[in-house]
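Single-structure report; data block below.
The values are calculated or read from the model by the stated rules, or taken from the named source; none is laboratory data. This one's a predicted model, so the numbers in the text were calculated from it and none came from an experiment. Here the Cβ positions follow ideal geometry from the backbone for every residue, glycine too, while neighbour counts run over all protein chains shown. We work out accessible area using only protein heavy atoms, side chains counted, and drop any ligands, DNA or RNA first. Shrake-Rupley method; radii C 1.70, N 1.55, O 1.52, S 1.80 Å.
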Amino acid sequence: MPIEFSVPVEVAQQTKLAQMAAEQVMRRLSRYFDEHEHERPIEYIQFIWPFMQQIERSYLPRPAKNGDSQPKAEDKPKKATTNNVRMIHMIEALSWGDAGIYLCTPSSALGGAAINAVGTPEQKERFLRRFTEGAPKWGAMAMTEPHAGSDTSNIRTTARLDEATHEWVLNGEKIYCTSGALATQESNGLVVVWATAERTAGRATMKPFVVEAGTPGMTVAKKERKLGIRASDTVSLVFEDCRIPYDNILGALDAPKAGEGNGNGQDKGFKGAMKTFDSSRPWVAASAIGIARAAFEFTRDTLKKEGISMPYGVPKYKLTSVQRDLLEMEMDIQAGWLLTVRSAAYMDQGQSNSLEAAMAKAKAGLVVTRVTQKAVELLGPLGYSHEFLVEKWMRDAKINDIFEGTGQINTLIVARRILGYTRRELK
């Protein structure tokens with residue numbers, strides 16, 4: 001595949017709109033919603049919602065042929081798209097404005113990523129269509145548990161099939177669920193919950209289930225108070241005999257049985273989870289780069305007013321320590337961004353991006369923590385104070401090195417892929 005650095009026209013146009021929202025709305029609201037953690041930035045939501053509807057439509061299945069109302073599995077896009085490249089450009093721009101407010105953006109979010117990754121064409125149409133119509137709606141994904149963070153094989157939330165009613169019954173607890181409150185309380189919202197048919201079976205019987213907003217038995221147990229991205233709602237969810245329709249299990253409708261994989265010997269649950277992360281890790285990487293760019297540009301412009309320039313093409317030994325720091329910050333941001341674009345471009349080309357997504361996520365997490373900390377350091381006491389947003393960007397940065405797989409986990413994935421080791425061989 002040839003290397004092409006120009007941005008498609010439609011991507012540039014939509015990125016410009018996102019940058020406008022970041023500059024004119026999000027930056028103005030940033031400090032307020034950082035200090036009022038669980039309030040919702042309605043003004044921003046109303047501004048960006050029509051744009052998000054356009055993005056969501058691009059992920060729906062192609063219309064069925066011959067007037068058939070049901071989408072066909074064979075009706076998959078055969079041409080390369082710019083959907084994912086467009087998405088990461090938008091996320092980077094919005095996160096430059098405020099990463100926490102960006103995460104409040106109405107969308108199917110991680111729930112939509114899971115539906116796209118493992119859902120059937122009919123399920124994609126049924127569950128994702130709602131995000132393209134009417135009032136703003138939110139989706140979420142519930143994976144992490146008190147006893148299962150990076151180790152998804154330790155998931156304890158169970159899904160039992162009630163043969164009498166032909167319903168799934170979910171029981172368990174999920175934590176750190178982004179947009180969990182909005183997705184469970186707003187009309188037509190949904191949460192994709194990863195559960196297992198047998199706790200002792202680990203990954204073998206793990207499957208994703210769609211739980212609609214307002215379903216009895218699903219409750220918000222706690223709203224988290226966080227270090228950063230404080231405008232984003234993050235909650236714990238409890239499932240107590242939560243009953244959902246049988247066909248709300250994503251993918252093949254075979255019942256997962258303990259010790260037998262996902263029915264008929266198809267052990268696809270864990271692979272589906274990993275495929276979801278392959279889709280979402282470039283988004284997180286893009287958000288990290290947006291925060292890093294915000295910190296770098298503010299620091300560069302502030303120091304420029306004090307007479308400190310960034311001379312390009314000058315030997316390193318002729319630069320001051322501050323000039324070297326600024327150039328290294330910019331270099332790291334560019335490296336992280338190119339990895340992120342590549343991971344998204346692979347998806348648009350229909351190619352596997354597991355290695356590329358892990359590389360982008362690991363690099364971007366390191367970049368954003370280093371760049372924001374260096375920005376606070378270079379600006380001194382003012383960088384540490386509330387007078388500037390730099391201290392907030394440093395707080396917002398850290399989560400990008402944690403969620404969607406910690407930096408350590410993504411580094412392991414990269415090593416295993418490159419060296420050809422299995423999970424048992426390299427831990």
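At R0 = 51 Å, how high is the FRET efficiency between Asn171 and Asp301 if r is their beta carbon distance? Nearest 0.05 is fine.
Values: r = 53 Å, r/R0 = 1.04.
The calculated FRET efficiency here is 0.45.
For the range 366-373, in order, what is each residue's ³J(HN,Hα) by Karplus, 6.51 cos²θ - 1.76 cosθ + 1.60 with θ = phi - 60°, in whole Hz (x at glycine and Pro)?
Values, residue by residue: 5, 4, 5, 5, 5, 5, 5, 5 Hz.
Rounded, prolate or oblate: which one fits the range 182-245, using the alpha carbon gyration tensor with axes a ≥ b ≥ c (rounded when a/c is under 1.5, else prolate when a/b beats b/c, else oblate)?
oblate
Return, ordered by residue number, the residues of the range 197-232 whose backbone nitrogen is under 19 Å from a label point located 7 Å along Cα→Cβ of Arg243.
Residues 209-219 qualify, since their backbone N sits under 19 Å from the label point.
Between the range 351-375 and the range 77-109, what is the separation of their alpha carbon centroids in Å?
Taking the Cα centre of each part, the range 351-375 and the range 77-109 sit 16 Å apart.
Using 0.36 nm per residue of separation minus the Cα-Cα distance, give me the extension gain between Asn154 and Gln185 in nm, one decimal.
Numbers: separation 31, 0.36 × 31 = 11.16 nm, distance 2.81 nm.
That pair, Asn154 and Gln185, stretches by 8.3 nm at full extension.
Calculate what fraction, in whole %, of the accessible area of the chain sits on carbon and sulfur atoms when a 1.4 Å probe is rolled over the protein chains.
Values: 10310 of 19530 Å².
In the chain, the share of accessible area belonging to carbon and sulfur is 53 percent.
Testing the spin-label approximation: label points 7 Å from Cα along Cα→Cβ at Glu425 and Thr320. State their distance in nm.
Roughly 5.2 nm, to one decimal.
Which whole-number value in Å² is the accessible area per residue of the chain, probe 1.4 Å?
On the way: 19530 Å² over 427 residues.
Averaged over the residues of the chain, the accessible area is 46 Å².
Using a 1.4 Å probe on the protein heavy atoms only, what accessible surface does Trp194 show? Give it in Å² to the nearest 10.
Counting only protein heavy atoms, the figure is 0 Å².
Determine ³J(HN,Hα), in whole Hz, for all residues of the range 306-315 in sequence, where each value follows from phi through the Karplus function 6.51 cos²θ - 1.76 cosθ + 1.60 and θ = phi - 60°; x replaces Gly and Pro.
Once rounded to whole Hz, the list reads 9, x, 9, 9, 10, x, 8, x, 9, x.
List, in order, the whole-Hz ³J(HN,Hα) value for each residue of the range 340-352 obtained from phi through the Karplus relation with A = 6.51, B = -1.76, C = 1.60 and θ = phi - 60°; use x for Gly and Pro.
5, 4, 4, 5, 6, 5, 4, 5, 5, 8, x, 9, 4
Okay, helix-only estimate at 222 nm for the chain: each DSSP H run of n ≥ 4 adds -39500 (n - 2.57), divide by all residues, round to 500 deg cm²/dmol; what do you get?
Working: 12 runs with 199 residues, N = 427.
-15500 deg cm²/dmol, from helical runs alone.
5 Å is the cut-off here: which amide hydrogens, built 1.01 Å from N in the peptide plane, fall below it relative to Lys137, excluding neighbours closer than 5 in sequence?
Counting only residues 5 or more places away or on other chains, the set is Ser107.
Going by amide H atoms built from the backbone, whose H comes under 5 Å of the H on Ile175, apart from near neighbours?
Placed amide hydrogens put Thr144, Glu145, Leu237 under 5 Å from Ile175.
How much length, in nm to one decimal, is gained on full extension between Arg129 and Glu328, taken as 0.36 nm per residue of separation minus their Cα-Cα distance?
Details: separation 199, 0.36 × 199 = 71.64 nm, distance 4.41 nm.
In short, 67.2 nm is gained.
From the Cα gyration tensor of the range 278-427, with a ≥ b ≥ c the square roots of its eigenvalues, which class applies: rounded if a/c is under 1.5, or else prolate if a/b is larger than b/c, or else oblate? Working shown, then result.
On the way: a/c = 2.29, a/b = 1.89, b/c = 1.21.
Taking the square roots of the gyration eigenvalues as a ≥ b ≥ c, the range 278-427 is prolate.
Want the number for Met310 to Gln351: 0.36 nm per residue separation, take away the alpha-carbon distance, what's left? Numbers along the way, then the final one.
Values: separation 41, 0.36 × 41 = 14.76 nm, distance 3.87 nm.
Working it through step by step, the gained length comes to 10.9 nm.
Using 7 Å Cα-to-Cβ label points, what is the Phe47/Asp162 separation (nm, one decimal)?
With each label point 7 Å from Cα toward Cβ, the separation is 4.6 nm.
Given a Förster distance of 22 angstrom, what is the FRET efficiency for Glu35 paired with Leu382, based on the Cβ-Cβ distance and rounded to 0.05? Mind showing how you got there, number by number?
Details: r = 19 Å, r/R0 = 0.84.
E between Glu35 and Leu382, to the nearest 0.05, is 0.75.
If DNA, RNA and ligands are ignored and the probe is 1.4 Å, what is the ranking of Thr158, Thr234 by accessible area, most exposed first?
Numbers: Thr158 35, Thr234 10 Å².
From most accessible down to least: Thr158, Thr234.
Please list, in chain and number order, the residues 5+ apart from Ser58 or on another chain whose amide H is under 5 Å from its amide H, with Hs placed from the backbone.
Excluding prolines and chain starts, which carry no amide H, there are no hits.
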